[in-house]
Amino acid sequence: MAESAPPQPVNPGTVLQTLLAFKRTSMLRTALELKLYDALADGPRDAAHIAEFVGAPQRSVRVLLGAMTSAGLLEGDGEKYALPEGAGKFLVSTSPGYLGGAEKVASSYAEWDALRELTAVVRNGGTLLADDANSPGFAYWKDFAANGTFATRPGAALVADTLRPFATDREPLRLLDVGCGHALFALTFAKAYPRAQVFGIDWPEVLDHARHNATAMGLTDRSEFLAGDVFTAPLGGPYDVVVVANFLPQFSAAQGVELLRRLRGVLAPDGRVVLAGFTVGDQPPASEFGAWMLNLLMLAWTGGGEIQDLATYQRMLGEAGFTGTEVHKVANLPVRVLVARPVPD
């Protein structure tokens, strides 16, 4: 386990700042939903102009603008308001660098509801939900598939690059993306290897986003999507590569081994299985903040799901019949890519 950084001192200011953090989140999320930053894309404006742009009463907009200015989310003097540095690039919806879609994942209403009950979840030892995150129709996964996270594209790119020595001259080249969601891991691979045929499996209501991404990337002719439960649905195969990205944390380690054994059965004898996603316990905790926040959600949303450390994932692969595990890291993120091959029968 990595050595922890020295803890930061706790004082009244840090306590109050943490307790108030949800209000700052609420303001930013509201501004994004109203497209308030778009109203300022062409320069400073007064409250009346902004209220008309977002379609809300001037009084409520004026109060919101004042609160956002006090929090540093806007610049303003009470008469006119302007974008703070960086907001035009990241918070105006027409910008190529727009990050506002992340609010539907990073501060989703489903997460707020789950963490509001965190005390009861901890006392209970796990989820309070009758239909948890592994049930069909769990609404959060549709937003996740539509928006992904900040780690999605770097992780997908690393998977495609890591497999280059294996995939470059391989014919045929078939990849299965397990719990594919947006399918960007499969589609990024297909973009990198023109001979590749990719498949994704997930709940049917999620696959609309996968198909949309395949169309947007010009890959409909080389992608196919299967609807169903990855533990029970027919998986087809054999596949040269099976990718399990950001999916195992929804399950206990024992369930993960069960799934990996099933996937081994649809993998070519000389194929590769790839695990991609967060780990915890491998870096100082402060460097793993995002991973630990996801772990809290898995505690609140699943019966036994948990992000594991690197050694546990390596052990799980071994128990499922894989060997020769290689480990790769996404720069500046607590994300690992593990590549292993089946033990010969």
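Brief remarks on what is shown
- Total residues in the stretch 311-340, condition modelled with pLDDT of 95 or more, within 13 Å of Pro249 (Cα to Cα) and either crowded, with 19+ Cβ neighbours inside 10 Å or in contact with a Gly (Cβ under 6 Å, 6 or more places away or on another chain) (or both): 2
- Matching entry among Gly321, Gly303 (being out of contact with any helix residue (DSSP H, G or I) (no Cβ under 7 Å at 6 or more places or on another chain) and small (Gly, Ala, Ser)): Gly303
- Check on Leu294, under 20 Å from Leu158 (Cβ atoms), in the same structural domain as Gln197 (by TED's automatic domain parsing) and modelled with pLDDT of 95 or more: no
- Single residue of Arg62, Arg29 found to be more than 26 Å from Ala110 (Cβ to Cβ), in a helix (DSSP H, G or I) and either in contact (Cβ under 8 Å) with a residue 12 or more places away in the chain or among the hydroxyl-bearing types (Ser, Thr, Tyr) (or both): Arg62
- Considering the conditions (1) among the small types (Gly, Ala, Ser); (2) under 30 Å from Phe231 (Cα atoms); (3) in a helix (DSSP H, G or I), Ala51 is excluded by exactly one of them, (2).
- Scanning the stretch 191-231 for residues that are of a type in the set (Lys, Arg) and more than 15 Å from Ala145 (Cβ to Cβ) yields Lys191, Arg195, Arg222.
- Among the residues of the stretch 57-93, those that are within 16 Å of Glu33 (Cβ to Cβ) and surrounded by 15 or more Cβ atoms within 10 Å (Cβ to Cβ) comprise Val61, Leu64, Leu65, Ala67, Met68, Leu73, Leu74, Ala87, Leu91, Val92.
- All of Ala130, Ala167, Ala192 fail the test of being under 28 Å from Pro204 (Cα atoms) and in the same structural domain as Val230 (by TED's automatic domain parsing), apart from Ala192.
- For the stretch 75-188, the helices (runs of 4 or more DSSP H) that sit wholly inside it and include 2 or more residues that are in contact (Cβ under 8 Å) with a residue 60 or more places away in the chain and in contact with a helix residue (DSSP H, G or I) (Cβ under 8 Å, 6 or more places away or on another chain) are 109-116, 118-124, 140-147, 152-162.
- Residue ID - modelled with the lowest pLDDT, chosen from residues in the stretch 265-286 that are among the small types (Gly, Ala, Ser) and over 17 Å from the mean Cα position of the chain (by Cα): Ala286
- For the stretch 146-160, the criterion of being closer than 20 Å to Leu207 by Cβ, touching a Cys at 6+ places or on another chain (Cβ under 9 Å), assigned by TED's automatic domain parsing to the domain that holds Leu226 and crowded, with 19+ Cβ neighbours inside 10 Å is met by no residue.
- Filtered residues of the stretch 189-204 (kept if in contact with a helix residue (DSSP H, G or I) (Cβ under 6 Å, 6 or more places away or on another chain), not aliphatic (A, V, I, L, M) and not in a strand (DSSP E or B)): Phe189, Tyr193
The values are calculated or read from the model by the stated rules, or taken from the named source; none is laboratory data. Remember, it's a predicted structure, so these values are computed and weren't measured experimentally. Glycine gets a Cβ as well: all are built from the backbone with ideal geometry, and neighbour counts include every protein chain shown.
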